[in-house]
1. Can you list residue pairs whose Cβ atoms sit under 9 Å apart, with the first residue in region 29-55 being free of Cβ contacts under 8 Å to residues at least 60 places away in the same chain and in a strand (DSSP E or B) and the second being of a type in the set (G, A, S) and surrounded by fewer than 21 Cβ atoms within 10 Å (Cβ to Cβ)? Count only pairs 6 or more apart in sequence or on different chains.
2. Restricting the search to region 163-182, which residues are closer than 17 Å to S48 by Cα and in a loop (DSSP other than H, G, I, E, B)?
3. Specify which of the listed residues (G49, G44, G71, G90) is at pLDDT below 95, surrounded by 14 or more Cβ atoms within 10 Å (Cβ to Cβ) and closer than 26 Å to Q182 by Cβ.
4. I'm trying to understand the selection: among the residues of region 154-182, which are over 18 Å from A20 (Cα atoms) and either touching a strand residue (DSSP E or B) at 6+ places or on another chain (Cβ under 6 Å) or surrounded by fewer than 17 Cβ atoms within 10 Å (Cβ to Cβ) (or both)?
5. Pairs needed: first member in region 106-120, farther than 12 Å from F177 by Cβ; second member anywhere, hydrophobic (A, V, I, L, M, F, W, C) and outside any strand (DSSP E or B); C-beta distance under 7 Å; at least 6 residues apart or different chains.
6. Anything in region 141-153 that is charged (D, E, K, R) and within 12 Å of the chain's Cα centre (by Cα)? List them, or say none.
7. E132 is checked against (1) touching a residue at least 24 places away in the same chain (Cβ under 8 Å); (2) touching a strand residue (DSSP E or B) at 6+ places or on another chain (Cβ under 8 Å) and fails just one. What number does that condition carry?
8. Restricting attention to region 78-103, which residues are assigned to a loop (DSSP other than H, G, I, E, B) and under 16 Å from the mean Cα position of the chain (by Cα)?
Amino acid sequence: MTRIDVVDNHGQFTHLEHRALRDLGVDVELIDNTTPPAEIDADGLVLSGGPDIDDIGNCPAYLDLDVPVLGICLGMQLIAHELDGRVGAGDYGGYADVTVEIVEETDPLIGSLAPETRVWASHADEVKAVPEGFVRTATSDVCGVEAMSDTDRDLYGVQWHPEVSHTEEGEAVFENFIDICQ
């Protein structure tokens, strides 16, 4: 059975990420972001959202574990920041219903979604430039980088929250990540 750890960055939806994966039949554990990398024995990691990019514990070291990683909201920003992308304040602030456009149809994480899909996202902070090796996989009128992927390293990020009911195809995002981890 596939094992995925959800890294708790103290976000308000972290438990929903854990539950979404559990409901899909995954062996899933919620771990604190201070868990030593050597103690992680998972087929994949979800870096949860959270309030503060300065409170990310050992998350930078988790990017070197050679397992697929999905960053959600702050988790995506963390990946970009640690790998020399650029993160900055968004122009639109808090949570909102946003239509994203999938721009990479072959992307294993979100390429199977409808060409345009409604999501629930916070844009207080956002990725302004993807790191080297990444491609922008989704965009919107609100944010230029709604999702990004580096398929060579199996690193993925979405600005939105696939775990909330407001996101139309959130379950498909998790199903695709499970497939990537297998």
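1. D32/G57
2. Selection gives E163, V164, S165, T167.
3. None of the other options fit; the residue is G49.
4. The one that is over 18 Å from A20 (Cα atoms) and either touching a strand residue (DSSP E or B) at 6+ places or on another chain (Cβ under 6 Å) or surrounded by fewer than 17 Cβ atoms within 10 Å (Cβ to Cβ) (or both): L155.
5. L113/A172; W120/V164
6. Result: E146, single match.
7. Of the numbered conditions (1) touching a residue at least 24 places away in the same chain (Cβ under 8 Å); (2) touching a strand residue (DSSP E or B) at 6+ places or on another chain (Cβ under 8 Å), the odd one out for E132 is (2).
8. L83, G85, listed by residue number.
The values are calculated or read from the model by the stated rules, or taken from the named source; none is laboratory data. Keep in mind that what you see is a predicted model, and the values were worked out from it rather than measured. Positions of Cβ are generated from backbone atoms using ideal geometry, with glycine treated the same way; all protein chains shown enter the neighbour counts.
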